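Here the structure comes first, spelled out in structure tokens, and everything after it is commentary.
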Amino acid sequence: MVRMLLSRLSQIATVVLLVCATIFVLTNMLPGDPTVTILGEQASAEQRAIAREQHGLDLPAPVRFVRWLKNAATGDLGRSLRSNEPVARMLADRIPVTLELTALSILVAIVIGLPAGIIAARARGSFLDVLVSIAAMTSVAIPYFWMGILLIMLFALKLSWLPPSGYIPFLTDPIGNLTRMILPALTIGTAFAALIMRQTRASLLQVMSQDYIRSARAKGLSESAVLIRHGLRNALIPVLTVIGLQIGALLGGAVVTETVFSLPGLGRMMVEGIFQRDFPVIQGAILFIVLCVIVVNLLTDLLYAWLDPRISL
Amino acid sequence: MSTPNIAVSPVPVQPLTRLWVILLRRVATSWQGAFGLTVLAFTIVLALGANLIAPHSPIDINMDAILAAPSSAYWFGTDELGRDIFSRVVFGARISLQIVLAAVGLALLAGVTIGLLSGWLGGRWDTAIMRAMDALLAFPFLVLALAIIAILGPDLTNAMLAIAITKTPGFARLVRSEVLTIKHVDFVKASVALGATDLRIIVRHIWPNVAGSVIVFGSLAGSQALVTESALSFLGLGVQPPTPSWGSMIATGMDYSSSWWCSFFPGLAIFFVVLAFNLLGDACRDALDARLGEH
């Protein structure tokens, strides 16, 4: 396991370095003069030159890249060109919102997708199976932002059950926080639930046709005991992988969903950064999102190898 | 993020036209394929005949019909500037299909070329190219597209390019993995032994065996491309006003949520086309599996 981990880590180190280079190249190719963002359009040439020197913009790109890498490794992601606030602090303020949204979305997806997948597998070929499959196909095809707006129209404007948008930190008002996070979590969670449902159904059908399931039944175990103790335990391993591998899609979905529900998360910070041409902010947000994806993928691989020792990384 | 598991085992080279006819027949006779093809054909007709089908101009402002509910005069109602939403949805089909086809076409061309070369050449070239593809695959599609749009600036052509770049690594990875399997199959080894050039082997023997998987992946990439394009336009970073785009229409409609029709109909259009691409992809995969079963 340790050797697997080391080998995987060395592969990941290369990818992380390439990712950092890609992010740096992309954000440094942004058109326009960054000093316009810092000083506005009226600043003189001298003021611009000073600002360039202060922000290290006058240095050659490779030097800036190495400096950025070194600083990033110590948690210094530079300062926002617009607000002069440290990007790391801005990220620290925004990350909890996005992580809460992602965690709640996964919870919603598991609560809906897992039972639906089990029901569809147990009732294979029945009307219920077809119904669940149609619901899954439908929810996968609905774009996040449209789903969000439909939910706002129904639950906030028509029924007045929930607030349409906004954010209150969990520690300030847990109920207020959750009532505002339900709709965004449902927006992402329902589409994700469809993937979990499909995977659960397929894995369970495969597992339930194995010899050891027949042996468990032959021992006289009840059908629910066979399903839970022998079927689900093995069928859930690929489901865990699907959850892990979809983390990138979830974070991508969060970018749009945060805009729909006015949530002050990473995604919204990134979109605002793009409109304001604030490249340290864009760099910081993208770097965090991509590193999250890489780390979660690694953890998924390790978990998979731990749960199923036949797998080698 | 991950490339779907749609790899197929290599099959001996068959007359291509016969295989495609069989494949198309299987796709068209399955309910998923029939639904997908019908919706996509309908959307193409809308896009091509937008000038004839749309009852109003998609950009003409009518201050006497602001936010009018759906009626016989305005089937899908009007928006905040009194523009006919049905006409904008019809013209939006043209824009969306244009972006999706161009983006997926570009990604396919680039990804297949990279995958074929990487898989066939192997060695250091393969390692270097695939590490670069891995780095791009680590980015969520929308995040990468946003980063590219930030550089290129928001407009229709740049949205196409951004989406094409996000989809290229998926095609490259898929094709490369297929090539790695096929290059060790006897009929390819025989061609090498007979002195066939690399280009001939790739074009005559490798590509026909990879094409099926590429089509399945292309169909799924079509739905992802449409969602990404709509999301970019929704965020104000794709197609710019007054050009009608389904994503930007939903964004505008969000500000007038009491007039539900403003965002409902463009969203419905995206939903049906994405569903059509997904079902067509499923049907193609099933048809390919059946084709392989025959061998």
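Contact map, the stretch A:289-301: first residue surrounded by fewer than 22 Cβ atoms within 10 Å (Cβ to Cβ) and hydrophobic (A, V, I, L, M, F, W, C), second residue at pLDDT 85 or above and outside any helix (DSSP H, G or I), Cβ cut-off under 6 Å, separation 6 or more or different chains; pairs are A:I294/B:A138.
Conditions tested, residue by residue: (1) more than 14 Å from chain A (Cβ to nearest Cβ); (2) at negative phi; (3) among the small types (G, A, S); (4) free of Cβ contacts under 8 Å to residues at least 60 places away in the same chain.
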residue: B:E178; (1), (2), (3), (4): yes, yes, no, no
residue: B:F187; (1), (2), (3), (4): yes, yes, no, no
residue: B:S219; (1), (2), (3), (4): no, yes, yes, no
residue: B:T243; (1), (2), (3), (4): yes, yes, no, no
residue: B:S258; (1), (2), (3), (4): no, yes, yes, yes
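Considering the conditions (1) under 17 Å from B:L237 (Cβ atoms); (2) in a helix (DSSP H, G or I), B:G111 is excluded by exactly one of them, (1). Applying the set (1) closer than 19 Å to B:M254 by Cβ; (2) surrounded by fewer than 24 Cβ atoms within 10 Å (Cβ to Cβ); (3) touching a Pro at 6+ places or on another chain (Cβ under 7 Å) to A:A249 leaves exactly one unmet item: (1).
Determine if the stretch A:251-274 includes at least one residue that is among the small types (G, A, S), part of a helix (DSSP H, G or I), within 26 Å of B:L137 (Cα to Cα) and over 12 Å from the mean Cα position of the chain (by Cα). Yes: the stretch A:251-274 contains one or more residues that are among the small types (G, A, S), part of a helix (DSSP H, G or I), within 26 Å of B:L137 (Cα to Cα) and over 12 Å from the mean Cα position of the chain (by Cα). The residues of the stretch B:150-167 that are at the interface with chain A (Cβ under 8 Å from one of its Cβ atoms) and either buried (at least 22 other Cβ atoms within 10 Å of the Cβ) or touching a strand residue (DSSP E or B) at 6+ places or on another chain (Cβ under 7 Å) (or both) amount to a single one, B:A150. Scanning the stretch A:158-179 turns up no residue that is under 24 Å from B:L226 (Cα atoms) and among the aromatic types (F, W, Y).
Using the structure shown, decide if B:A103 is in contact (Cβ under 8 Å) with a residue 60 or more places away in the chain, crowded, with 22+ Cβ neighbours inside 10 Å and farther than 22 Å from B:R173 by Cβ. Steps first, answer last, please.
Numbers: in contact (Cβ under 8 Å) with a residue 60 or more places away in the chain: yes; crowded, with 22+ Cβ neighbours inside 10 Å: yes; farther than 22 Å from B:R173 by Cβ: no.
Here the answer is no, as B:A103 does not meet what is asked.
If you go through the stretch A:137-161 and keep only what is within 14 Å of chain B (Cβ to nearest Cβ), surrounded by fewer than 19 Cβ atoms within 10 Å (Cβ to Cβ) and not in a helix (DSSP H, G or I), you end up with A:L159, A:S160. Looking only at residues of the stretch B:112-137 that are within 14 Å of chain A (Cβ to nearest Cβ) and free of Cβ contacts under 8 Å to residues at least 40 places away in the same chain, we find that the one that is surrounded by the fewest Cβ atoms within 10 Å (Cβ to Cβ) is B:R124. B:G236 satisfies every condition listed in (1) surrounded by fewer than 24 Cβ atoms within 10 Å (Cβ to Cβ); (2) within 22 Å of B:T29 (Cβ to Cβ); (3) within 11 Å of chain A (Cβ to nearest Cβ) except (2). Being more than 14 Å from chain B (Cβ to nearest Cβ) and part of a helix (DSSP H, G or I) is a description that applies to A:R233. Residues of the stretch A:19-42 that are farther than 17 Å from A:I282 by Cα and crowded, with 16+ Cβ neighbours inside 10 Å: A:L39 alone.
The values are calculated or read from the model by the stated rules, or taken from the named source; none is laboratory data. All values reported here derive from a predicted model rather than from experimental measurement. Cβ coordinates were reconstructed from backbone atoms using ideal geometry, including for glycine residues, and neighbour counts include every protein chain displayed.
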